[in-house]
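Quick note: the coordinates plus some simple rules give every number you see, no bench work behind them. Computed from a prediction, not measured in an experiment: that's the story for all the values here. Please note: Cβ atoms are built from the backbone with ideal geometry, for glycine as well, and neighbour counts cover all protein chains shown.
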Amino acid sequence: MRAFLLSFFLLVCGTGLVFGEAVLPQSTPPPRPNEVIDFLSAMGFSPEFTGAVAAALTAGFNSGRATTTVTLLFLQDLAKIPREQAERGLEIIRFALSQGFIVDTGFAGSSMMNEARKLLALGRSWEEVERVLSLRLGFLLATRSVLARYAVISLSAIGPDVPLAASDRLVLELAWAVGDFILWEGGTLGDPRFLGYVQGRLDRLASVGVLSSALTGRTVAVLTPSILEEIVRLAFQPERR
Amino acid sequence: MRWDELEELLRAAVRKEVEEGAGRLSGLEERVIREILRWPARKSWWTRAREFFAQPTPRWALAGVLAALLLGFALGRLTVSSPIPQWSSNLFVIAAPGARSVSVVGDFSAWQPIPLSDPDKDGIWMASIPLPPGRYEYAFLVDGKWVGQDPLAEEYLRTFGEYVSVRYVGGERAGLSS
């Protein structure tokens with residue numbers, strides 16, 4: 001009798017235990033990389049282009065330069081527009097990844113894919129989105145080039161599969177701050193607010209832990225209005241990068 | 001010998017003693033003794049538990065099962081770690097009296113709408129969204145209309161003429177995190 005009662009008690013407790021675990025809030029699991037690549041493969045691009053993009057994205061997923069969740073949403077956006085336009089948009093992302101840039105920070109902050117989705121949410125045309133993505137890529141290339149020239153960062157290895165470094169996020173955030181000021185804030189070269197705007201953004205990002213404080217401190221100390229203007233000029237003159 | 005068995009023996013012995021001496025008692029003492037005799041012997045908790053489990057009443061059996069379920073449930077909740085990271089909860093709130101639907105879009109959702117709710121129908125719509133530290137651009141959609149200037153935002157950004165709000169989460173100045 002005692003054994004029966006004990007078994008019954010344990011059975012009921014076990015049932016409660018399973019139920020208790022089951023009702024825990026579950027986050028939606030991100031798509032697996034192969035789900036994203038399968039979606040890409042079904043978009044009707046040439047096998048060569050699909051292969052090149054798949055390789056860049058897979059390397060980006062592994063190194064933290066892209067996330068499967070936002071990439072899949074971005075690809076779903078591209079699937080709604082003509083294939084030629086979608087290919088141009090995706091080529092910008094592939095090229096950015098091949099250059100070792102972060103193209104998607106997931107759900108936390110600035111990135112090319114997030115920017116594209118924001119503009120689409122605002123009802124902008126894909127032509128405008130493509131133009132902005134090209135400009136953002138220009139700011140990324142120019143920012144990295146200028147920071148390396150002033151020895152704020154070093155360019156030892158570049159690529160989508162190179163392990164992510166603190167300087168990668170710094171390049172992204174500085175390029176984004178410069179781009180925001182020029183593209184959205186109506187800023188111009190020689191604007192007295194430019195340096196304060198960019199320094200304030202970097203300091204604030206360091207204060208919430210997005211950027212390395214030490215690296216940000218070094219960068220902010222080096223930045224001058226002329227360095228920022230150099231970034232903008234380079235961004236709009238790709239032949240000088 | 002267990003305590004309850006010893007207690008039973010002692011009670012039986014006392015009862016026998018009292019019954020044998022009952023004839024010799026009279027008056028108040030007699031009445032007190034007879035009253036005591038009328039009381040049934042108090043059962044030990046062990047005896048009562050044994051009797052209950054041998055023949056449980058449906059009500060108490062149901063209560064026992066529920067208690068065991070609750071115990072298991074609590075163990076399940078307390079011993080299994082949540083898969084959701086411990087991010088700070090951020091309140092997104094907007095006054096939109098008369099609105100039929102309100103949602104928030106932003107970097108934190110890859111610009112997919114997250115619905116806000118107004119359970120007490122006072123026109124104040126809100127949602128609490130857990131977020132890791134970072135800088136987030138966002139806007140509200142009130143009946144599908146873009147509302148980019150949240151009075152609680154730290155900054156605003158104009159994108160193609162439309163405002164988006166900016167909120168920083170984490171750090172010492174993250175006053176909007178709750």
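Structural remarks
- Computed about the Cα centre, the dipole magnitude for the protein assembly as shown is approximately 860 debye when only Lys and Arg (+1) and Asp and Glu (-1) carry charge, each at its Cβ.
- Here B:K145 is the anchor, and the lysines within straight C-alpha reach of less than 26 Å, apart from those fewer than 8 places off in the same chain, are A:K80, A:K118, B:K121.
- Dipole size of chain A about its Cα centre, with +1 on Lys/Arg Cβ and -1 on Asp/Glu Cβ: approximately 420 debye, rounded to the nearest 20.
- Net charge over other residues, Cβ less than 10 angstrom from the Cβ of A:V210 (K, R count +1; D, E count -1): +2
- The packing ranking of peptides A:137-148, B:145-156, A:193-204, highest mean first, is A:137-148, A:193-204, B:145-156, where packing means the average number of other beta carbon atoms within 10 angstrom of each residue.
- Sequentially through segment A:117-128, phi angles give Karplus couplings (6.51, -1.76, 1.60; θ = phi - 60°) of 5, 5, 5, 5, 5, 7, x, 6, 6, 5, 4, 5 Hz, Gly and Pro residues having no value and appearing as x.
- Normalised by residue number, the volume inside the convex hull of the Cα atoms of the protein assembly as shown is 270 Å³ per residue.
- Largest mean-square fluctuation among A:A165, A:A59, A:A206, in a Gaussian network model of chain A whose springs join Cα atoms under 10 Å apart, belongs to A:A165.
- A straight Cα-to-Cα reach below 25 Å connects B:K43 with the lysines B:K16, residues fewer than 8 places away in its own chain not being considered.
- Here's the picture: charge each Lys and Arg Cβ at +1 and each Asp and Glu Cβ at -1 in segment A:94-241, and of A:L211, A:A121, A:G196 the one pushed furthest to the positive end of that dipole is A:L211.
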